[in-house]
There are 2 protein chains.
Amino acid sequence: METMFEPLGYAPAYLRVSEAIRSRILRRELLEGQPLPTETELARQFEVNRSTVREALRKLESNGLLGRRRGGKRLYVTHPTRETIGGGLSQALALHRARVVDVWEALQAVQPGIAAAAAERRSAEALAQLEAAAQRFAARKGTRELAVGNVAAFFDALGEAGANPVFTLLNEPLLRLLKPSLAVIIDRVPQARARIESAQKQIVVAVKARDAKTAAEWMARHVRDFRRGYEVAGIPLSTEVGEDLDVVS
Amino acid sequence: METMFEPLGYAPAYLRVSEAIRSRILRRELLEGQPLPTETELARQFEVNRSTVREALRKLESNGLLGRRRGGKRLYVTHPTRETIGGGLSQALALHRARVVDVWEALQAVQPGIAAAAAERRSAEALAQLEAAAQRFAARKGTRELAVGNVAAFFDALGEAGANPVFTLLNEPLLRLLKPSLAVIIDRVPQARARIESAQKQIVVAVKARDAKTAAEWMARHVRDFRRGYEVAGIPLSTEVGEDLDVVS
DNA sequence: GACCATCTTATTGTCCGACAATCCGACAGG
DNA sequence: CCTGTCGGATTGTCGGACAATAAGATGGTC
């Protein structure tokens with residue numbers, strides 16, 4: 001027999017509490033930055049034990065809906081940041097055995113669109129950020145790690161310039177996953193830095209001129225270059241992206 | 001003054017416990033499907049109180065790294081599902097005030113790539129799934145909600161056919177966010193169903209023929225059609241995608 | 001042996017009360 | 001205005017308790 005009846009949903013108290021808070025945050029009845037009542041107070045209002053409240057809070061905390069100020073004790077209403085999302089998503093992708101070629105393919109699909117959006121809508125400040133990022137990379141100073149960070153910063157700035165939160169949020173996990181292999185490329189492929197630098201320059205010019213088509217084309221070329229980088233560096237495309245096991249909270 | 005010193009990091013016990021378990025899951029020392037020791041046992045091993053263990057478990061649970069079987073009591077090691085990720089991401093996008101135009105733009109960027117990947121790599125079963133989804137939509141029966149569900153199922157099947165976990169995971173939240181507005185389109189635009197049906201047919205043909213280029217082109221057209229749908233249906237593109245406030249756990 | 005009902009035990013969900021560490025805000029002094 | 005001090009509030013953690021129920025063992029039936 002097919003499933004005729006759903007199990008009648010009994011939800012444990014800690015879930016109901018976390019749902020209650022979550023829904024008020026989503027409904028914007030609790031605003032970002034606003035401090036949450038103390039645990040004791042919440043326990044009083046929900047008429048449950050403080051331990052139960054704490055379990056609910058831990059859920060919301062790791063969803064990025066609650067957070068605390070640096071070194072602080074109280075919880076504040078927060079919205080999930082790029083980092084929160086990026087951490088969760090890249091963790092999930094690592095577990096699903098995503099390979100560098102998968103991530104690269106996604107990058108190839110997404111980035112030209114992002115570049116186009118950035119060219120169309122970039123503000124003056126966003127453009128400045130983008131130029132700054134490109135220049136920081138072009139300075140060529142610093143370790144491999146720094147260079148990789150600067151590449152990521154360029155993509156981030158571009159995403160930001162597109163003023164599309166979807167792009168901004170999707171960018172982060174992809175870059176995070178590519179970073180390790182990108183570091184290898186920069187190490188092993190002598191001309192990598194120069195090629196990246198020139199691509200960034202072209203993209204900046206196009207974005208500055210609000211030329212979406214050219215921006216997208218250069219970006220497509222740029223991303224294709226990464227793939228050649230993998231080949232030249234001798235990184236098998238089927239390498240699994242490994243989560244770096246860093247703390248995500 | 002610039003930040004000269006990092007705060008020396010003290011992590012509360014519940015965080016250290018959850019990190020310890022998380023890292024063993026990511027390292028695949030704990031395998032999917034494997035049952036976790038009981039709370040009491042974990043408390044014994046970590047030498048902390050059971051309440052502390054429980055807080056750690058709640059975190060992992062809402063990260064999708066632990067879950068329980070239907071109606072079950074014990075926790076098992078899990079990998080984050082499409083739904084888990086999709087829930088979190090769409091919630092985040094809703095909070096960041098993503099608008100339908102933002103989501104649409106992302107769809108426009110991603111979907112042609114997905115269609116191309118599907119055409120190149122689709123297995124026989126995946127193709128069958130895709131055809132089934134298209135036929136279910138073409139049947140035209142059922143409510144608006146059912147139709148919307150079938151549209152989403154088509155995109156899902158396509159993502160699956162691409163055999164790229166990145167695409168699979170990115171697809172879900174975008175569709176979830178579009179669903180409500182898509183429902184309005186199907187309601188208000190008489191020719192919507194017919195246009196979707198024909199686009200799906202063309203895409204299926206291209207995927208079947210392993211013709212990546214055509215698949216991508218039709219998909220691009222298909223997505224562009226959605227935008228026209230918004231206009232005809234009188235949905236402002238700047239409408240914020242509203243999270244439906246459904247339980248995500 | 002395979003299937004089923006029943007019983008026992010183990011485990012989870014929830015509560016209570018307690019206490020040390022420490023963050024917060026106020027307040028006084030240079 | 002910055003710095004040092006102080007009391008109170010709040011969090012992190014602990015131990016112990018108990019009801020509800022899922023999981024596993026037991027034994028009977030075909």
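Tell me which residues, restricted to region B:76-110, are touching a residue at least 60 places away in the same chain (Cβ under 8 Å) and aliphatic (A, V, I, L, M).
B:ILE85, B:LEU89, B:LEU93, B:ALA94, B:LEU95, B:ALA98, B:VAL100, B:VAL101, B:VAL103, B:ALA106, B:LEU107, B:VAL110 - these are the residues of region B:76-110 that are touching a residue at least 60 places away in the same chain (Cβ under 8 Å) and aliphatic (A, V, I, L, M).
Checking A:THR239 against (1) out of contact with any strand residue (DSSP E or B) (no Cβ under 7 Å at 6 or more places or on another chain); (2) loosely packed, with under 15 Cβ neighbours inside 10 Å; (3) more than 15 Å from A:LEU130 (Cβ to Cβ), only one condition comes out false. Which one?
(1)
For residues that are more than 19 Å from B:TYR14 (Cα to Cα) and touching a residue at least 12 places away in the same chain (Cβ under 8 Å), tally how many sit in region A:39-75.
Within region A:39-75, residues that are more than 19 Å from B:TYR14 (Cα to Cα) and touching a residue at least 12 places away in the same chain (Cβ under 8 Å) number 3.
State whether the residues of region B:181-190 include one that is within 23 Å of B:GLU240 (Cα to Cα) and free of Cβ contacts under 8 Å to residues at least 12 places away in the same chain.
No: region B:181-190 contains no residue that is within 23 Å of B:GLU240 (Cα to Cα) and free of Cβ contacts under 8 Å to residues at least 12 places away in the same chain.
Just give me the residues in region B:55-97 being in contact with a His (Cβ under 9 Å, 6 or more places away or on another chain) and among the β-branched types (Val, Ile, Thr), in sequence order.
None; the set is empty.
Looking at (1) at pLDDT 95 or above; (2) under 22 Å from the mean Cα position of the chain (by Cα), can you tell me which one B:TRP218 breaks?
Among (1) at pLDDT 95 or above; (2) under 22 Å from the mean Cα position of the chain (by Cα), the lone unmet condition for B:TRP218 is (2).
Do any helices (runs of 4 or more DSSP H) lying entirely in region A:8-105 carry at least 2 residues that are more than 13 Å from DNA strand C (Cβ to nearest atom) and either within 11 Å of chain B (Cβ to nearest Cβ) or crowded, with 16+ Cβ neighbours inside 10 Å (or both), and which ones are they?
A:13-26, A:50-62, A:82-95
Restricting attention to region A:196-211, does a residue exist that is farther than 24 Å from A:GLU125 by Cβ, touching a helix residue (DSSP H, G or I) at 6+ places or on another chain (Cβ under 8 Å) and not β-branched (Val, Ile, Thr)?
There is no residue in region A:196-211 that is farther than 24 Å from A:GLU125 by Cβ, touching a helix residue (DSSP H, G or I) at 6+ places or on another chain (Cβ under 8 Å) and not β-branched (Val, Ile, Thr).
Taking region A:124-148 only, how many residues are within 17 Å of A:LYS179 (Cα to Cα) and without any contact (Cβ under 8 Å) to a residue 12 or more places away in the chain?
Residues meeting the conditions: 3.
The values are calculated or read from the model by the stated rules, or taken from the named source; none is laboratory data. Predicted model, so just to flag it, every value in this text is computed and none were measured. When we count neighbours, we look across all protein chains shown, and the Cβ atoms used for this are built from the backbone with ideal geometry, even at glycine.
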